[in-house]
Amino acid sequence: MSTKKSKWTTSLIVRTIAAWGIALLLFFPLIFMGFTAFKTELQAIAVPSLWAFEPTLENFHVVNERSDYVQFAWNSVVTSVVSTVLGLLIAAPAAYSMAFSPTKGTNGLLLWMLSTKFMPAVGALLPIYIIFQQLGLLDTKTALVIIFTMMNLPIMVWMLYTYFKDIPHEILEAARMDGASVWQEFRHVLLPLGIGGLASTGLLCLVLAWNEAFWALNLGAADAGTLATMMVSYSSPEGLFWAKLSAASLMAIAPIVVIGWFSQKQLVQGLTFGAVK
Amino acid sequence: MSSQSRSSRFIPRLLLSPAVITLLIWMVVPLALTIYFSSIFYNLMQPDVSGFAGWMNYEFMITNPAFTDAIWNTLVLLASTVAITVIGGLAIALLINEAFPGRGMVRLLLISPFFVMPTVNALLWKHMMMNPIYGVLAQVWTFFGFTPINWLQDLPLFSIILMISWQWLPFACLILMTSLQSMDREQLEAAEMDGANYWQKFRYMYLPHLARPISVVIMIEVIFLLSVFAEIFTTTNGGPGTQSTNLAYLIFNEALQSFDIGVASAGAVFAIILANIVAIFLVRIIGKNLEK
């Protein structure tokens, strides 16, 4: 008995050390970036790397002034939030309809929606670019909102569909018996019960839109550029400004990494279209 | 009765239509236009040349030596990243499947790279990890007495693979971890009672259970990785030469740098075909899941 227990403890210790070691190794670039953001430029490129230094906030001030951080951040917030809200407004009714009034065609329709995700972005780039050019939408937030909405719509419909399917039909039927209209049914029954699903779907799509880089780089250059675009302007002269780059990176990813942590469970269902639970 | 059933069908359809119509437009219009562009002469630098091109654009694309390189690089990038992330993700998922102190925190740390935007990911690796002078890897190499590697110059494609694997390893790990949690514990315990060793448990219990999630991970990664762009755009610009040019970057280059829409569209058609070969399998698996 005692040998078994001690053996178990040894394996636990090994596993704990291994797991923490791997996790810290993978997380290391982000920790290091966090440190560098508070160094001066000279400290940032010191060899060997400094771990003890007097933190400075100067980088954040410079990034703010020089690269219009506020403008880019505002573009990121607007495009990701508006596209998410718009997507929910289109996806929720569709998911509701498929979950509560399924027909023979529902499964086929869901799979077809999934298949629209397989159009590689680069395959759609030229037509979209030319159409938006004709419409005068290049480098506008509207263009990015349209793209992000369409990009996430299939994921939203799928996630909401799986959430709505878990709501018992009897509750809706009872409401209908009492003479509730479609709107009342939605407002007083579906919304309170489905709010969790709506929230996590929204969070995941917010993350995906915030981090989107292909369309943001190709369609939004100056005026509509998101934080993903702003970062590219830091790729120039050989990383001479690595401390400032770190500060900018930190400001670009911190909000969304935190949101990501909260939505990690939903991420699995959302990104695998319910195939893995 | 009949009017009621008609109206009860009408409202669900009405609710469904915005999503269906917008997605239909989103899919059909770009696809049709891409195929159309690929069949005409359409170069922004030569506006006087126009008309039907037949297979000319495809021929031009295929005979371009960069195209063969790009296809090869796309496949190498895909296969290596998928192999690294699935094998690594599986190992980590099995490692942290049983409880240990700080498991929740480890989970958060592990998943974080997935939420880093591709441009930050690329810059992080380019300047902080892979810089041959002050980069972290150079310091590690020097510490062990090796000459630091100039990663992006000498091993451009491998460097890109490293960056993308860092981002997608957490994804594979998270999915496999979630799937492991739903395994039947009693069966596992019964197997242990019968004296099954770790390898036997892995081979006959874990692996069959994980077969489907692994295939889902592979296919979703394939869909996303076929279009890797920002990492290449930010770090190597496809170079040196075409050493790190993939299909997505080549099409971008043809279109927005050489302004040849026709040829670029022919390349895009190849990208679409490639993606759809994978998609067919994914739809089958998920479709089976729906019918359960």
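The convex hull drawn around the Cα atoms of chain A, when projected onto a plane and averaged over every direction, covers 23.1 nm². Per-residue ellipticity at 222 nm from helix content only, as computed over chain B with -39500 (n - 2.57) for each DSSP H run of at least four residues, stands at -22500 deg cm²/dmol. By other beta-carbon atoms within 10 Å, ranking A:Met119, A:Met159 with the fewest at the front produces A:Met119, A:Met159. Our estimate of slack between A:Arg66 and A:Ile13, defined as 0.36 nm per intervening residue step minus the Cα-Cα distance, is 14.2 nm. Just need log10 I(q)/I(0) for chain B at q = 0.07 Å⁻¹, Debye formula, equal scatterers on the alpha-carbon atoms, no solvent, rounded to two decimals. After summing over all Cα pairs, the log10 values are -0.40. Membrane-span-like helices in chain B, defined here as complete DSSP H runs extending at least 30 Å along the helix axis by their C-alpha atoms with mean Kyte-Doolittle hydropathy no lower than 0.5, are B:2-37, B:65-95, B:156-181, B:261-291; this is a sequence and geometry rule, not a statement about a membrane.
Based on the Cβ-Cβ distance from A:Leu111 to A:His169, what FRET efficiency comes out when R0 is 25 Å, to the nearest 0.05? Approximately 0.60, to the nearest 0.05. Working from label points 7 Å from Cα in the Cα-to-Cβ sense, the A:Ala222 to A:Thr40 distance is 3.5 nm.
With all projection directions averaged, the alpha carbon convex hull of segment A:107-166 covers 4.8 nm². Note on B:Ser50 and B:Phe10: with the Förster distance fixed at 51 Å, the Cβ-Cβ geometry gives a FRET efficiency of about 0.60. A Förster radius of 56 Å combined with the Cβ-Cβ distance from A:Trp51 to A:Val85 puts the calculated FRET efficiency at roughly 0.85. For chain A, the membrane-span-like helices by this rule, meaning whole DSSP H stretches whose C-alpha atoms cover at least 15 Å of axis and whose Kyte-Doolittle mean is -1.0 or above, are A:2-36, A:69-100, A:121-134, A:141-165, A:191-211, A:242-271; this says nothing about an actual membrane. The label point for B:Phe143 and the one for A:Arg187, both projected 7 Å from the Cα toward the Cβ, are 6.3 nm apart. Arranged from fewest to most other beta-carbon atoms within 10 Å of their beta carbon, A:Val81, B:Val278 become A:Val81, B:Val278. Annotation: amide H of B:Ser244 within the under-5 Å range of B:Gly239, sequence separation 5 or more or interchain, hydrogens built in the peptide plane.
Using the rule -39500 (n - 2.57) for each DSSP H run of four or more residues, divided by the residues of chain A, the 222 nm mean residue ellipticity is -24500 deg cm²/dmol. When A:Glu212, A:Glu58, B:Glu98 are arranged by Cβ crowding within 10 Å, least crowded first, meaning fewest neighbours, the order is B:Glu98, A:Glu58, A:Glu212. Close amide H contacts of B:Ile40 (hydrogens built in the peptide plane, cut-off under 5 Å, sequence separation of 5 or more or a different chain): B:Ala53. Kindly flag which residue pairs out of A:Lys39/A:Lys141; A:Lys165/A:Lys265; A:Lys117/A:Lys265 have an alpha-carbon separation exceeding 27 Å in this structure. Where the Cα-Cα span goes over 27 Å, the pairs concerned are A:Lys39/A:Lys141.
Only the coordinates and a few stated rules stand behind these numbers; no lab work does. What you see is a predicted model; the values in this text were computed from it and never measured. Glycine gets a Cβ as well: all are built from the backbone with ideal geometry, and neighbour counts include every protein chain shown.
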